[in-house]
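A.B. asks: Supplied in structure tokens, the structure appears directly below.
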Amino acid sequence: MLIDTHAHLTDPAFSTDLEEVVFACQQKGMKVITSGYDIASSQQAIALAEKYENIFASIGIYPEFAENCNENALKTLKNLAKNKKVVAIGEIGLQYTDNMPDKEIQKNTFIKQLKLAQELQLPVVIHCRDAYGDMIEILKNNKHLLSFGGTFHCFCGSEEIAKEGIKLGLYISVGGVSTFKNATKLQQTIKNIPIEKILLETDCPYLSPHPYRGKRNQPIMSEIIAKHLAELKGISPEEVEKITQENVRRLFKI
Ligand code: NI
């Protein structure tokens, strides 16, 4: 079974045909983890997960909204996490690009949510952009908050960072970017890390795999990413499907 471990099915890009997008997944026997990025989208993710058996939810506050992660928001997340379809805290993390909240605020918010995940006995889904140095430092200093594991979603760091993450007990999530023609460095990294530590994801509606780059992405595109991963690893797509499914079961318990 293929599992898209990171999608945004609550995105307006799916507002007119979500039923069909989910139906296409059901036809292929796929499961999907749809991810929140603030309180409202986390609530929407849970609502979708309650509606469809093959959809699960990840809840959390994304770096862009780090300033909103007050006591109240944490309490709300804690309550939302009581829902059985919630399988992770995320996406949470750091993004040091323009127009993002202050680094210290981002770091605090990230650590608060690592604590929350540990308390709730849930894995974390980590978003990281242009911040791998601080990210690895925080994770190393807070290893005790990673008992339930996690994943670097849409991984785009170096091989060294991937290996550091794996040492910390994290998985490396591979999406459409890994199929891009100019992603040779990332492809080399994927070749050099064990498939037992790799998850598949689309991050849809963004980051469609080659040759659909620039078009709307959707969970069934996981098939293309899986095929590409199989080629990189020199194994069959069936093996990729089987091993990544086991990886998902270990991390997300689904
Ligand atoms: Ni995402």
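A.B. asks: Going toward the positive end of the dipole of the range 29-75, with +1 on Lys and Arg Cβ and -1 on Asp and Glu Cβ, which of S42, I61, M30 do you reach last?
C.D. replies: Positive-end residue among those listed: M30.
A.B. asks: Looking at the range 156-254, which trypsin sites (Lys or Arg not before Pro) are in a loop (DSSP not H, G, I, E or B) and have at most 11 other Cβ atoms within 10 Å?
C.D. replies: K181, K215
A.B. asks: Only Cα pairs within less than 10 Å get springs; with that Gaussian network setup on the chain, which residue of I105, I59, I190 has the largest fluctuation?
C.D. replies: It is I105.
A.B. asks: If one computes P(r) from the Cα atoms of the range 1-118, what percent of pairs lie at distances over 20 Å?
C.D. replies: Tail of P(r) above 20 Å: 42 percent of Cα pairs.
A.B. asks: The range 105-121 to the range 205-231: how many Å between their Cα centroids?
C.D. replies: 31 Å
A.B. asks: What dipole magnitude, in Debye to the nearest 20, does the chain give about its Cα centre under +1 on Lys/Arg Cβ and -1 on Asp/Glu Cβ?
C.D. replies: Dipole of the chain, to the nearest 20 debye: 600 debye.
A.B. asks: Now for a separate question. Using a Förster distance of 25 angstrom, determine the FRET efficiency expected from the C-beta separation of Q43 and Y212, and round it to 0.05.
C.D. replies: Numbers: r = 30 Å, r/R0 = 1.20.
So the FRET efficiency works out to roughly 0.25.
A.B. asks: So for the range 126-254, Kirkwood radius off the Cα pairs, Stokes-Einstein at 20 °C and 1.002 mPa s: how many µm² s⁻¹? Intermediate results must be reported in sequence, preceding the final value.
C.D. replies: On the way: Rh = 14.9 Å.
Calculated translational D: 144 µm²/s.
A.B. asks: Let me ask another. Looking at the chain as a GNM with Cα springs under 10 Å, which of G157, G169, G29 has the largest mean-square fluctuation?
C.D. replies: G29
A.B. asks: Under a 1.4 Å probe, what is the accessible area of the chain per residue, stated in Å²?
C.D. replies: Counting only protein heavy atoms, the per-residue value for the chain is 45 Å².
A.B. asks: Given K107/K197; K143/K253; K51/K103, which pairs have Cα atoms separated by over 29 Å?
C.D. replies: In this structure, K51/K103 exceed 29 Å between Cα atoms.
A.B. asks: Same structure, new question: Given a 1.4 Å probe and every protein chain left where it sits, what share in percent of the accessible area of the range 45-106 is carbon and sulfur?
C.D. replies: 44 percent
A.B. asks: So which trypsin sites (Lys or Arg not before Pro) in the range 37-109 pass both tests, a DSSP loop state and at most 16 other Cβ atoms within 10 Å of the Cβ? Present the calculation step by step, with values, prior to reporting the outcome.
C.D. replies: Values: sites: K51, K75, K78, K82, K84, K85, K103, K107; in loops: K82, K84, K85.
Answer by residue number: K82, K84.
A.B. asks: Related question: State which entries of K115/K163; K75/K185; K28/K85; K28/K75; K78/K233 exceed 32 angstrom in Cα-Cα distance in the structure shown.
C.D. replies: Result: K75/K185; K28/K75; K78/K233 exceed 32 Å.
A.B. asks: In nm, what is the difference between 0.36 nm times the number of residues separating H144 and R129 and their Cα-Cα distance?
C.D. replies: Working: separation 15, 0.36 × 15 = 5.40 nm, distance 2.33 nm.
Here the answer is 3.1 nm.
A.B. asks: Mind giving me the FRET efficiency for E50 and E159? R0 is 51 Å, r the Cβ-Cβ distance, nearest 0.05 is fine.
C.D. replies: It comes out at approximately 0.80.
A.B. asks: Provide the net charge surrounding M221, with neighbours chosen by a C-beta distance below 13 Å and charges set as Lys +1, Arg +1, Asp -1, Glu -1.
C.D. replies: Around M221, the surrounding residues sum to +1.
A.B. asks: Using just the alpha carbons, could you tell me how many Å³ per residue the convex hull of the chain encloses?
C.D. replies: 115 Å³
A.B. asks: Out of the total accessible area of the range 112-254 (probe 1.4 Å, heavy atoms of protein only), what percent is carbon and sulfur? Please list the in-between numbers first.
C.D. replies: Numbers: 3250 of 6450 Å².
So the carbon and sulfur contribution to the accessible surface is 50 percent.
A.B. asks: Evaluate E = 1/(1 + (r/R0)^6) for E137 and R250, where r is the Cβ-Cβ distance and R0 equals 22 Å; express this FRET efficiency to the nearest 0.05. Provide the component values of the computation, followed by the final result.
C.D. replies: Values: r = 26 Å, r/R0 = 1.19.
Computed FRET efficiency for E137 and R250 comes out at 0.25.
A.B. asks: Taking only Cα atoms and a 10 Å spring cutoff, compute GNM fluctuations for the chain and point out the largest among E201, E241, E104.
C.D. replies: Per the Cα network of the chain with a 10 Å cutoff, E104 tops the list.
A.B. asks: Using a simple charge model, +1 on the beta-carbon of Lys and Arg, -1 on the beta-carbon of Asp and Glu, nothing else, what dipole does the range 78-143 show about its Cα centre, in debye to the nearest 20?
C.D. replies: 500 debye
A.B. asks: Could you tell me the relative contact order of the chain? Use alpha-carbon pairs under 8 Å, at least six residues apart, and round to a whole percent.
C.D. replies: Working: 511 pairs, mean separation 47.2, N = 254.
Contact order relative to length: 19 percent.
A.B. asks: Another one. Starting from the Cα-Cα distance between K115 and K75, subtract it from 0.36 nm times their residue separation and give me the gain in nm to one decimal.
C.D. replies: 13.2 nm
The values are calculated or read from the model by the stated rules, or taken from the named source; none is laboratory data. Predicted model, so just to flag it, every value in this text is computed and none were measured. When we count neighbours, we look across all protein chains shown, and the Cβ atoms used for this are built from the backbone with ideal geometry, even at glycine. What goes into the accessible areas is simple: the full protein's heavy atoms, side chains included, and nothing from ligands, DNA or RNA. Shrake-Rupley method; radii C 1.70, N 1.55, O 1.52, S 1.80 Å.
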